[in-house]
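> Submitted below is the structure of interest, expressed as structure tokens.
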């Protein structure tokens with residue numbers, strides 16, 4: 001194959017890996033019941049593709065080719081470990097019924113199970129035996145197909161730190177004997193909440209980067225939204241999954257309007273709403289309708305992601321900031337504060353109250369939060385307080401709050417915005 005052809009084949013391997021890796025690892029993990037081993041087998045198949053495709057060409061069904069190679073590596077691995085004799089028999093029976101062509105398609109049984117396997121992999125990646133940081137890294141690695149270097153760059157971490165985190169996470173799952181299964185009953189709901197939390201943590205780090213020079217990291221937002229859509233496909237009857245997808249779709253719609261030409265942030269109420277992406281908004285509102293329908297059918301109170309999506313929809317439906325239904329938004333925040341109480345929710349409720357009923361109403365609630373230990377180092381508390389004080393004409397106090405907020409944030413773009421607001425006062 002020519003140099004250009006070889007490059008195309010290598011590009012094809014990388015593209016197929018990004019698309020198929022999660023399904024590949026999920027199917028293998030079901031066979032060997034070990035996520036770490038499943039990833040190693042998948043990597044072996046990737047190496048085989050890098051060696052063979054440039055010379056032989058990209059197969060008609062590259063995902064099936066990778067699975068076929070990985071399964072045969074699994075058989076070799078299991079043969080070397082006698083304690084897995086039973087698994088060897090199961091895998092051997094699967095392969096005995098598949099066409100022995102070297103590029104055989106996935107057997108029908110595996111095709112039928114692959115969606116369940118992917119869901120199992122999500123539950124394992126977000127298992128509570130792991131720390132939050134480990135769950136995020138493992139989800140991006142196994143489901144997202146990102147390399148440890150890509151994860152490190154996304155979160156501004158040293159690559160060895162992420163690599164060690166991934167190794168420890170897989171070892172923890174193995175040591176704890178975490179089964180490769182979808183939990184049932186109350187445990188399923190709790191574990192599903194963990195998956196949603198991980199996806200939204202990834203999204204938020206992309207939407208408002210906590211550190212560094214960039215206001216946003218769009219690649220993380222895109223990856224989180226992709227994971228959310230996958231999860232919605234796998235769990236179509238879970239309202240909170242659709243609620244989270246709705247929330248991310250609507251927030252993503254604002255991406256182009258959130259920064260100026262120089263990358264400086266633009267506050268929500270000052271954004272040009274004509275630049276909001278209408279396709280993302282339509283998708284978000286459709287997902288919100290689905291979440292509401294499922295919630296009503298079950299006779300339940302909307303969950304926190306559905307409520308937050310409803311709040312985001314108030315912005316999305318308003319042609320201008322002045323036309324936003326702030327009264328409805330304040331009511332939704334009040335319900336959210338009952339469903340998922342937290343100081344941050346109360347702070348956001350204060351913003352809505354300040355817009356719906358005047359800055360004094362918002363400031364009254366903010367002042368009740370100033371001594372909360374959870375908000376002591378949270379830069380948005382003095383930022384919100386500064387905004388409310390400025391609207392009340394208390395410029396000197398507002399300036400001091402913006403300067404304090406600038407000292408607390410670790411994001412360079414946000415620090416510049418806050419200091420600019422202080423200087424304007």
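Laboratory data are not the source of any read-out in this text; all were calculated from the coordinates shown. In this text, all values refer to a predicted model and were calculated from it rather than measured experimentally. Heads up, the Cβs are rebuilt from the backbone with ideal geometry, glycines too, and the neighbour counts pull from every protein chain shown.
> Can you tell me the order of 153-165, 194-206 when each peptide is scored by its average per-residue count of other Cβ atoms within 10 angstrom, highest first?
Ranking, from highest mean packing down: 194-206, 153-165.
> Could you order the peptides 316-325, 383-392, 233-242 from most to least packed, using the average number of other C-beta atoms within 10 Å per residue?
The packing order, highest mean first, is 383-392, 233-242, 316-325.
> With a Förster radius of 41 Å, plug the Cβ-Cβ distance of residue 397 and residue 131 into 1/(1 + (r/R0)^6) and report the FRET value to the nearest 0.05.
0.55
> Give me the number: length gained by fully extending residue 301 to residue 377, i.e. 0.36 nm times residue separation minus the C-alpha to C-alpha distance, one decimal in nm.
The residue 301-residue 377 span can extend by a further 24.1 nm.
> By its C-alpha gyration tensor, with a ≥ b ≥ c as the square roots of the eigenvalues, how is the stretch 325-381 shaped: rounded for a/c under 1.5, else prolate for a/b larger than b/c, else oblate?
Oblate, since a/c reaches 1.5 and b/c is not below a/b.
> I need the peptides 261-269, 278-286 ranked by packing, meaning the mean over residues of other C-beta atoms within 10 angstrom, with the highest value on top.
278-286, 261-269
> For residue 153 and residue 262 in one chain, what is 0.36 nm times their gap in residues minus the Cα-Cα distance, to one decimal in nm?
Answer, rounded to one decimal: 37.1 nm.
> Could you give the radius of gyration (one decimal) and Dmax (whole number) of the Cα atoms in the stretch 287-328, in Å?
Both quantities, over Cα of the stretch 287-328: 11.7, 35 Å.
> If you don't mind, there's one more thing I want to ask. Quick check: residue separation of residue 50 and residue 171 times 0.36 nm, minus the Cα distance between them. What number comes out in nm?
40.8 nm
> May I pose another question? Report the semi-axes of the equivalent ellipsoid for the chain in whole Å, largest first, where each axis is √(5λ) for an eigenvalue λ of the Cα gyration tensor.
46, 23, 20
> Looking at the stretch 210-254, what % of the alpha carbon pairs are farther apart than 15 Å?
The proportion of pairs with Cα distances above 15 Å equals 46 percent.
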